[in-house]
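Just so it is clear, none of the values below were taken in a lab; they were calculated from the coordinates. Only a predicted model underlies this, so the values are computations on that prediction, with no experimental measurement involved. So basically every Cβ, Gly included, is an ideal-geometry build from the backbone, and we count neighbours across all protein chains shown.
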Amino acid sequence: MADNTNTGTGAGTGTGTGTDASTGAGTGAGAGTSAGTGAGTGAGAGTSAGTGAGTGAVSSPATSRRALLLAAGTAGAAAVLAGACAAPATTRPTAGQPSASPAPTGAGTTAAPACVLAVKAGAGPYYLDVGLVRSDITQGRDGVPLRLDLTVVRVPDGCRPLPAAGVEVWHADAAGDYSTGKDTFLRGTQITDRTGRCVFHTIVPGWYAGLAPHIHFTVRPDTHTETTSQFFFPEDLLTKVYTRPPYTRRTPPEHPNTRDSRYRAAGTTMTLPLTPHGNGYHATYTIGIT
């Protein structure tokens, strides 16, 4: 399957923070079904620990991503968006605490950038505006589990965490296939909490079309602007993953990454640092935007 080979430019450096997990208390209003018109009040507080990547199917209806982003302009919506960060797909995200990320175990193969501008890239031909707000995007697809903890920051503002931003991800399954208009597997959106964090549970993608395995993502700090890029994976880790089913149904490339000019151009900045996590992997990454 062909993909967009357009790569952007730009990298910046800054001083800033990493992606420490945090807890806190929040209050919020129940979201309505149209942008900015939610009704009802409620309060909630608490803390919780994040869990490993899930693999079950998500069958409940999805919250409208556009409605949540539009509602983010009101004072009461911030707490609702914070509660949506780690929630499964639902029509009414409950107010409360986003899950805290557990401390990863094991040694990583790549150092995580502290606060740098994401290298922009094209969305590719397989983007779909499905608007599914959910943390677990596997939807029954088999593969090595991957927990993806992301923090969005404003690099020009001293790496200030950016709350209430929409983060959308999409990628291929173990066979190198993307979901189409009638399918929605391995696609989803989360809204960052007050610390700029959100969590996705997915799988390590397969390879296709001579390109380095990757995960597409778009950050929307508001309804008017967006930053689109993609994550890569350490090649030594990919070669290990591809010796496990279901990836073994195909013969993997000897060098999954270095054959791709996009990886050679942006891999230093956009490669995920992975550590063992349960029977899969965990990655923590700070996305810097302007």
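Of note:
- The stretch 155-290: relative contact order as a whole-number percent, Cα under 8 Å and 6+ apart: 23
- Amide H contacts under 5 Å for Arg187: none, restricted to partners 5 or more places along the chain or on a different chain, H placed in the peptide plane at 1.01 Å from N.
- Most to least packed among 237-249, 152-164 [average Cβ atoms within 10 Å]: 152-164, 237-249
- Extension gain for the segment Asp177 to Thr239, taken as residue separation times 0.36 nm less the Cα-Cα distance, is 20.4 nm to one decimal.
- Once the C-beta distance of Asp222 and Val130 is scaled by a Förster radius of 22 Å, the resulting FRET efficiency is 0.65 to the nearest 0.05.
- Separation of the stretch 258-275 from the stretch 143-214 is 16 Å, based on Cα centroids.
- FRET efficiency estimate (nearest 0.05) - Cβ-Cβ, Thr290 to Arg249, R0 41 angstrom: 0.50
- Gyration tensor verdict on the stretch 146-220 (Cα atoms; rounded if a/c is under 1.5, prolate if a/b is larger than b/c, oblate otherwise): prolate
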